[in-house]
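Colleague: Take a look at this one; I'll ask things after.
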Amino acid sequence: MRVVIAEDAVLLREGLRRVLTDAGLDVAGTAGDAEQLLSLVTLLRPDVVLTDIRMPPTQTTEGLQAALEIRRQWPGTAVIVLSQHVETEHLFELLAGDPRGIGYVLKERVADIAQFTGAIRRVAAGESVIDPQVVSRLVARPRRDSPLETLTERELAVLALMAEGRSNHAIANQLCMSPKTVETHVGNLFAKLGLLPAAEDHRRVLAVLTYLRQ
């Protein structure tokens, strides 16, 4: 798996390179700004791009805009944006297109190497991975006239973990229930959200999008 890292802080950038290399990932290149990132992606065509949201010269949303451009030009390239703080408005901009292969992770998660590299591998496999703190903030928002109001507390808990990119098996372990029970909850919430089986749709991703946008 080829990875390109974009981070303007040299120590963090080199730390990420070392962590990912030690984890068996091929760090094909690193960039210190959005322009360099786009050049590297054009040249190297990586499987996954990791980019900070805020990058030079203005330290606003250059990294996010570069991520959106990468997804526009090379939709098969998975992208994980790294953020210092929970900024949900950036998440919705990132998910506005095809959310598969998209990740939004807080920088503090890098310290948990197994969790961080696991998120990279899941996003590379086409999943959407949203940081648990972001999910928690979204859960706390009031929801009026939302289809989510029809979900039970347990179904909402399952959906929240789905938004973090967890598999049914991982959800079962975390919620102390059997995988079969998780499958039942997932089927029920699909039905309540009106997500019928369709070959061209990924119902798991659509359910998460419904959850995040309400």
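The values are calculated or read from the model by the stated rules, or taken from the named source; none is laboratory data. Model, not experiment: these values are computed from the prediction. With ideal geometry, Cβ positions are generated from the backbone for all residues, glycine too; neighbour counts draw on all protein chains shown. Side chains are part of the model used for accessible areas, which takes the heavy atoms of the whole protein and leaves out ligands, DNA and RNA. Shrake-Rupley method; radii C 1.70, N 1.55, O 1.52, S 1.80 Å.
Colleague: Under the 0.36 nm per residue contour assumption, what length would be gained going from the current alpha-carbon distance of residue 153 and residue 59 to full extension?
Modeller: Computed gain between residue 153 and residue 59 is 29.9 nm.
Colleague: Then there is this: How high is the FRET efficiency from residue 206 to residue 173, r the C-beta distance, R0 25 Å, rounded to 0.05?
Modeller: 0.55
Colleague: Magnitude of the Cβ-charge dipole of the chain, K/R +1 and D/E -1, about the Cα centre, nearest 20 debye?
Modeller: 520 debye
Colleague: Okay, moving on. Whole number in Å², please: accessible area per residue of the chain, 1.4 Å probe, ligands, DNA and RNA not counted.
Modeller: Result: 48 Å² of accessible area for each residue.
Colleague: Once both labels are modelled 7 Å past Cα along the beta-carbon direction, what's the residue 114-residue 2 spacing in nm?
Modeller: The two pseudo-label positions are separated by 3.1 nm.
Colleague: What does the chain give for Rg and for Dmax, in Å, if only its C-alpha atoms count?
Modeller: 17.4, 51
Colleague: Of all the accessible heavy-atom surface of the chain, with the other protein chains kept in place and a 1.4 Å probe, what percent is carbon and sulfur? Please report the intermediate quantities before stating the final value.
Modeller: Details: 5330 of 10180 Å².
Carbon plus sulfur share of accessible area: 52 percent.
Colleague: Any idea which of 66, 55, 158 is furthest toward the positive side of the dipole for the chain, if Lys and Arg beta-carbons carry +1 and Asp and Glu beta-carbons -1?
Modeller: 158
Colleague: At 10 °C and 1.306 mPa s, what whole-number value in µm²/s does Stokes-Einstein give for the translational diffusion of the range 1-90, with Rh from the Kirkwood sum over Cα pairs?
Modeller: This corresponds to a translational diffusion coefficient of 124 µm²/s.
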